[in-house]
Amino acid sequence: MIAEISPGKLMGNISIPPGKSAFQRACALALLFNGKTVIKNPGNSNDDIAALRIVKGLGAQYHYENSNLVILSTGEIIPDAEINCGESGLSLRMFASIAAISGRKTILNGEGSLLKRSMAFFDEVLPKLGVNVSTKHGFLPLEICGPMIPEDITVNGSGSSQYLTGMLFAFAATATLPVTITVEDLKSKPYIDLSLQMLNHFGYRVINHEYSQFTVMPVKSVKKEIVYHAEGDWSSASFILVGGAIAGDICIEGLDIDSVQADRAIMDVLNLAGADINFKEGRVLANNRNKLTAFEFDATDCPDLFPPLVLLAACCNGTSVIKGTGRLAGKESNRALTLVDVFSKMGIDIKLDNDLMIIIGGTIRAANVSSHHDHRIAMACAIAALKATGNISIEHAEAVNKSYPEFYHHLQMLGAAVSLV
């Protein structure tokens, strides 16, 4: 699909969709729970659909009641012979450890960019816990056969916090004695905060020792039903908020200002840039009344913010510096190189210097670009078009379905001229 977006303004109100990070975690915890889980405000992105497919493939059932998702599980992991994780890195990294609870062999496979992501963590760690693991030269398909034996272990957290989330979930569901996971060089700590918050909501207890160790306590929930409300997604909202700051006057509903989501940090960066942005009565307001100034920000713990931050920097007066490019190679594309490619086509000068990305604000020019099959790149380019000298055409624009299927429709609701072919 090709999306063509014209320069213009965003005006009006929208309600942001739920965050896929929280929704997929809720699905995993519902699978491990012996009883009924009701998830209010469920997601419908490609990654959300992948999580539900995995939950069913590991032994649970689900259906919808009105607008709520109901997951029924016995808490026992009974995997299918092969399970497709789509392109969801979080689902694969999280559910692999959960699948290892079972003594049955299963194969986890995927599609697209997921086939290029390293499975080295599982090759190295799961055998230490009694799990037989086989990969295709370090890549998918991933063959697993447990059962996993929870015990004290040390893991490296520099690649992704998602591996740790999967282990915490699996240990919480199976530990009969306190067990400690020691983590070296943990990245994306806010995502672990989200995992711990949700573990607590589902009745588990994990003690966080300053992010260097996590002690999982043996707790069995006596609840028969758990209700979880999926809050709005700050990752998706970040693009619309930047759109409001550079070219609009908008109001977003459904966001929790006190959220532990990592990408809640977009509010901090918008304030650094001098944007006119406010939170009022459960709504976030953003408009382009103020001139924007260059900023410096460390995005190591929130790497998904890079695309909207680069977009924001492109519209700022001066040179902005964003730290954390080392976290971008394992995304849907090599996101640092992709950002340089697409924004240079739009006339913006970006330099990479070790772990830094340096963006010189300037005039965004009309261009034909590719999303590189990366949902966040597609969204960044679409919002950039609002301030461009002419139309911006985006190839492989359907990539947004991975996380925000309503994205182009929401832009149209806010008054943007969007053509989809």
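The values are calculated or read from the model by the stated rules, or taken from the named source; none is laboratory data. If you're wondering where the values come from, they're calculated on a predicted model, not measured in any experiment. Glycine also receives a Cβ, built like all others from the backbone with ideal geometry; neighbour counts cover every protein chain displayed.
Only strands (runs of 3 or more DSSP E) wholly contained in the stretch 167-238 count here; list those with 2 or more residues that are more than 20 Å from the chain's Cα centre (by Cα), farther than 25 Å from residue 16 by Cβ and not small (Gly, Ala, Ser).
Counting at least 2 such residues, we get 179-184, 205-209, 213-217.
Out of curiosity, is residue 80 in contact with a helix residue (DSSP H, G or I) (Cβ under 9 Å, 6 or more places away or on another chain), at negative phi and surrounded by fewer than 21 Cβ atoms within 10 Å (Cβ to Cβ)?
yes
Check the stretch 4-14 and report whether any residue there is buried (at least 24 other Cβ atoms within 10 Å of the Cβ) and either in contact (Cβ under 8 Å) with a residue 60 or more places away in the chain or not assigned by TED's automatic domain parsing to the domain that holds residue 147 (or both).
Yes, some residue in the stretch 4-14 is buried (at least 24 other Cβ atoms within 10 Å of the Cβ) and either in contact (Cβ under 8 Å) with a residue 60 or more places away in the chain or not assigned by TED's automatic domain parsing to the domain that holds residue 147 (or both).
Inside the stretch 117-153, can you point out the residues that are touching a Gly at 6+ places or on another chain (Cβ under 9 Å) and part of a helix (DSSP H, G or I)?
120, 121, 123, 126, 129
Can you tell which of 286, 265 is part of a helix (DSSP H, G or I) and either in contact with a His (Cβ under 6 Å, 6 or more places away or on another chain) or among the small types (Gly, Ala, Ser) (or both)?
265
Of all the residues that make up the stretch 259-295, how many are buried (at least 16 other Cβ atoms within 10 Å of the Cβ) and aromatic (Phe, Trp, Tyr)?
Counting residues in the stretch 259-295 that are buried (at least 16 other Cβ atoms within 10 Å of the Cβ) and aromatic (Phe, Trp, Tyr) gives 1.
Identify, please: which residue in the stretch 387-415 is part of a loop (DSSP other than H, G, I, E, B) and out of contact with any His (no Cβ under 9 Å at 6 or more places or on another chain) and is, among those, surrounded by the most Cβ atoms within 10 Å (Cβ to Cβ)?
414
Would you pick out the residues in the stretch 85-103 that are crowded, with 17+ Cβ neighbours inside 10 Å and outside any helix (DSSP H, G or I)?
Across the stretch 85-103, the qualifying residues are 85, 86, 87, 88, 100, 101, 102.
Across the stretch 203-244, what is the total count of residues that are among the aliphatic types (A, V, I, L, M), surrounded by 15 or more Cβ atoms within 10 Å (Cβ to Cβ) and under 29 Å from residue 404 (Cα atoms)?
Result for the stretch 203-244: 6.
Here's the yes/no breakdown for (1) crowded, with 23+ Cβ neighbours inside 10 Å; (2) at pLDDT 95 or above; (3) part of a loop (DSSP other than H, G, I, E, B):
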site	(1), (2), (3)
308	yes, yes, no
320	yes, yes, no
326	no, no, no
331	no, no, yes
344	no, yes, no
347	no, yes, yes
352	no, yes, no
359	yes, yes, no
363	no, yes, yes
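Give, as residue ranges, the strands (runs of 3 or more DSSP E) completely inside the stretch 1-64 that count at least 2 residues that are of a type in the set (S, T, N, Q) and under 30 Å from residue 387 (Cβ atoms).
Once the strands (runs of 3 or more DSSP E) in the stretch 1-64 are filtered for at least 2 residues that are of a type in the set (S, T, N, Q) and under 30 Å from residue 387 (Cβ atoms), what remains is 10-15.
Failed condition for residue 304, given (1) part of a strand (DSSP E or B); (2) within 23 Å of residue 158 (Cβ to Cβ); (3) charged (D, E, K, R), with all others met?
If we test residue 304 against (1) part of a strand (DSSP E or B); (2) within 23 Å of residue 158 (Cβ to Cβ); (3) charged (D, E, K, R), just (1) comes out false.
Quick one: which of 112, 157, 103, 89 is assigned by TED's automatic domain parsing to the domain that holds residue 213 and on the phi > 0 side of the Ramachandran plot?
Only one candidate qualifies: 112.
Conditions first: (1) surrounded by 19 or more Cβ atoms within 10 Å (Cβ to Cβ); (2) within 18 Å of the chain's Cα centre (by Cα); (3) at pLDDT 95 or above. Residue 114 passes all but one, so which condition is the exception?
If we test residue 114 against (1) surrounded by 19 or more Cβ atoms within 10 Å (Cβ to Cβ); (2) within 18 Å of the chain's Cα centre (by Cα); (3) at pLDDT 95 or above, just (3) comes out false.
Is at least one residue of the stretch 45-63 of a type outside the set (A, V, I, L, M, F, W, C), at positive phi and either modelled with pLDDT under 95 or in the same structural domain as residue 382 (by TED's automatic domain parsing) (or both)?
No; the residues of the stretch 45-63 include none that is of a type outside the set (A, V, I, L, M, F, W, C), at positive phi and either modelled with pLDDT under 95 or in the same structural domain as residue 382 (by TED's automatic domain parsing) (or both).
Since residue 138 meets every condition but one in (1) touching a strand residue (DSSP E or B) at 6+ places or on another chain (Cβ under 9 Å); (2) surrounded by fewer than 24 Cβ atoms within 10 Å (Cβ to Cβ), which condition does it not meet?
All conditions pass for residue 138, except number (1).
Among the residues that make up the stretch 46-53, is at least one of them buried (at least 21 other Cβ atoms within 10 Å of the Cβ), within 17 Å of residue 202 (Cβ to Cβ) and either of a type in the set (S, T, N, Q) or out of contact with any Gly (no Cβ under 8 Å at 6 or more places or on another chain) (or both)?
Within the stretch 46-53, one or more residues are buried (at least 21 other Cβ atoms within 10 Å of the Cβ), within 17 Å of residue 202 (Cβ to Cβ) and either of a type in the set (S, T, N, Q) or out of contact with any Gly (no Cβ under 8 Å at 6 or more places or on another chain) (or both).
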